[in-house]
Structure formats: structure tokens, C-alpha cells
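Below is one structure, written out as C-alpha cells, with a few remarks after it.
No value in this document is a laboratory result; all are computed from the given coordinates. Given the structure is predicted, the values throughout are model-derived calculations rather than measurements. For neighbour counting, all protein chains shown are included, and Cβ atoms are generated from backbone atoms with ideal geometry for every residue, glycine included.
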Amino acid sequence: MDIKELQVSGVRNHPWEYARSRVVNNIVKNYLNEYKSNKVAVDIGCGDVFFLSKFYDKFHSYKLIAVDTAFDNDNIAQLSGKYKSYNILFLNNTEKIDIPEASVIFLLDVIEHIENDILFLEELTKKPFVNEKTLFVISVPAFNSLYCEHDKWLGHCRRYSQKTLTKCITQAGLRKVEGGYFFSSLLILRAVQKLFEKLFGPSKENGIGDWKGGKMVSWLYEKILWLDFKLCRIFKLQGLSTYILAYPKK
């Protein structure tokens, strides 16, 4: 979750986060070289590091770097303690990344926060740790027509379609190798939320950090979203999130 959501965090992470982690790990598995040495996964805009921990649970051979501009001494200490067995390097700026090569860079629900998303990606592709073999994994909220109070509360500048996301990464110097949507079932829920806001005004926002569901409800919610992803892949359905895997053109 976002650092802002971490501040209102409930007992456990939202099942959406569990499902998204599983989805992303499934999407990238065929692009990762498990036999290469000195592999490094960089998660930019990592928030509470939940995804990065789940990635490591699946792909143990990767060294982990967590980058978030919202990191300060307090939340780094909190997260370092929580994930001490993962040996994660915490940084608050990409300029501090000192490695020869990043094997994979995750930008999960990040670039929608950035006013000039194309320039951000373009500058990132020019970093010394990025080369033509560095895999970029980008996910964003889908469909600008569904922009609502939740997006505003999180500081989203926009939402994307697969077409606009492809145009964005192409202009930034990235070459798309795969893309699609996931979580189709959430589209109707967001549409209802958008309609409710139009009729009655925005409600108080705490984000997914306010999740207080029990274990059984969380488990069921995650399984439904996982099935949703499978159906999206099979039938090429649109969903509330869209993603792209890409490599730098250089």
C-alpha cells in the first residue's frame, strides 16, 4: 500500500494487494532469468514494501532495493523491522541506487502520481543501472472516466487505458512486449462509486489501509480477484487496472 495508506493501516494488508502481488508475479515469471547471478529487483514507489516481500517469496535469488520518496527514518525503521529477514535496501531517491545493473524495475501504481509521467520514465531509462535488458513492469489504474475522490485522495494525476499507457511508455523510449488488464469485476464497483459521488458527494477516504476484514473474508476476496485475473487473460477483458511489460529501446 501507499505510505499515506500505511498511516491508517488496519490489522492486515488488503486482499487486493495479495491478489495484485500474485498477478504481477504470474505475469513476469516468463521474463525473469533465474539462472543469472547478481540479479537485482528495484521497486520504485514501493510504499509499505508488501509487494517486494511477496516477489522475494516467489523468486528467492533476487537482491531487493525499495525506493520511495516518502521514506523517512521512522517508516524505514518500521519496515526494516517488519521485513528484516528479506535484507531489503531502503532508499528515498533513485540517485542513491549504486548497482551495475537492475534486472527488473517495478513501477506498480506509481506513474499516475507523477505530473510529467513521460519525462519521469525517460529519465529513468537513462540511469546508469538501466540497460536494454532491464525489464520494466508498470501497472496503473485504468480508465480516466472512472477518476473519483479516491484517486484525488491518493494524489493521482490521471488514470490510463492500455492505449494511452502504451503511448506514454513509447514516447519515453520503452518498447512494449506485453500488456493487458486485470480485475474486471472491480470495474462495476468503481462505476457505482463514481455515480454515488455524483449524486451524494464524496465520502471520507482512508484507502485500502483501512481494511479490517477477517481472514476468511480476505481469503475469499483474494481468490475471487485471482479468478478474475485468469478470466481477463483468457477472454482479454478490460479491468480496473492495466499493465505493461517493456524494455528500453537503447
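Of the residues Y56, Y62, which single one is surrounded by 18 or more Cβ atoms within 10 Å (Cβ to Cβ), farther than 16 Å from N13 by Cβ and among the hydroxyl-bearing types (S, T, Y)? Spell out the reasoning first.
Working: Y56 fails: farther than 16 Å from N13 by Cβ.
After ruling out the rest, the residue left standing is Y62.
Filter region 120-144 down to the residues that are in a strand (DSSP E or B) and hydrophobic (A, V, I, L, M, F, W, C), then identify the one that is farthest from C157 (Cα to Cα).
Of the residues in region 120-144, the ones in a strand (DSSP E or B) are 135-142.
Those still in the list that are hydrophobic (A, V, I, L, M, F, W, C) too: 135-138, 140, 142.
On the way: L135: 25, F136: 21, V137: 20, I138: 16, V140: 11, A142: 12 Å.
The extreme case among them is L135.
Of all residues in region 153-170, which are touching a residue at least 24 places away in the same chain (Cβ under 8 Å), over 17 Å from F136 (Cβ atoms) and in a helix (DSSP H, G or I)?
W153, L154
Can you pull out the residues in region 35-54 that are part of a loop (DSSP other than H, G, I, E, B) and not small (G, A, S)?
Selection gives Y35, K36, N38, K39, C46, D48, V49.
Residue under question is G173, and the condition is that it be touching a residue at least 12 places away in the same chain (Cβ under 8 Å) and over 22 Å from Q193 (Cβ atoms); does it hold?
Here the answer is yes, as G173 does meet what is asked.
Each row is one residue, and each column tells you yes or no for (1) buried (at least 19 other Cβ atoms within 10 Å of the Cβ); (2) among the β-branched types (V, I, T).
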{"residue": "V130", "(1), (2)": "yes, yes"}
{"residue": "K133", "(1), (2)": "no, no"}
{"residue": "S139", "(1), (2)": "yes, no"}
{"residue": "Y147", "(1), (2)": "no, no"}
{"residue": "H150", "(1), (2)": "yes, no"}
{"residue": "G155", "(1), (2)": "no, no"}
{"residue": "S161", "(1), (2)": "no, no"}
{"residue": "A172", "(1), (2)": "yes, no"}
{"residue": "R175", "(1), (2)": "no, no"}
